[in-house]
Amino acid sequence: VDTADWAGMHALLVEDNFAVSKAIRKQLSSLGFIVEHASTGAEALDCLQAGRHFDIVILDILLRGGLDGIEVYEQMIKIEPSLKALFCSGFAGKETTDNRDHGVPGELLRKPFGMTALKSALHRVLDPHSADSTNKTFNSS
């Protein structure tokens, strides 16, 4: 997947910090994504329940006001099972890691992150055939 292939893809960003969400939206938009933002897990779930389609969801793990990012994703895939996810946290140890390290059902990117790290993580999530892909689809069973 070349970054040009991301042009017009729909991304849902679930982030409760306005300044952080603004920066990530700018990064995603510059890569060609059409970005929608939700500041809570409930808002994110409402987007999917309203029938909106997203190619990827980028979720902060620690969200205020109820569900955390992992719980939100667990609910999201009940609505859209093929939804791919990139998780973000300011509390992870390494810049990127896989789900075995933190119980995260997919790719984990440590905040703050630069464009290079974001593009690399997006490649791993959106191109399941890449050699370095670590994204796993979460299975609640």
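The values are calculated or read from the model by the stated rules, or taken from the named source; none is laboratory data. What you see is a predicted model; the values in this text were computed from it and never measured. When we count neighbours, we look across all protein chains shown, and the Cβ atoms used for this are built from the backbone with ideal geometry, even at glycine. We work out accessible area using only protein heavy atoms, side chains counted, and drop any ligands, DNA or RNA first. Shrake-Rupley method; radii C 1.70, N 1.55, O 1.52, S 1.80 Å.
Among the numbered conditions (1) at pLDDT below 95; (2) in contact with a helix residue (DSSP H, G or I) (Cβ under 9 Å, 6 or more places away or on another chain); (3) not charged (D, E, K, R), the only one that N99 does not meet is (2). Could you grab me the full set of residues in region 14-69 that are touching a Leu at 6+ places or on another chain (Cβ under 7 Å), within 18 Å of L126 (Cβ to Cβ) and among the hydroxyl-bearing types (S, T, Y)? Within region 14-69, none qualify.
Within region 69-88, the set of residues being open to solvent by 10 Å² or more (accessible area, probe 1.4 Å) and small (G, A, S) comprises just one member, S82.
If the condition is being part of a helix (DSSP H, G or I), among the acidic types (D, E) and either touching a helix residue (DSSP H, G or I) at 6+ places or on another chain (Cβ under 9 Å) or open to solvent by less than 60 Å² (accessible area, probe 1.4 Å) (or both), then region 1-47 contributes only D5.
Test D55 against the stated conditions and say whether it is at pLDDT 95 or above, open to solvent by 70 Å² or more (accessible area, probe 1.4 Å) and touching a strand residue (DSSP E or B) at 6+ places or on another chain (Cβ under 9 Å). So D55 does not fit the description; no.
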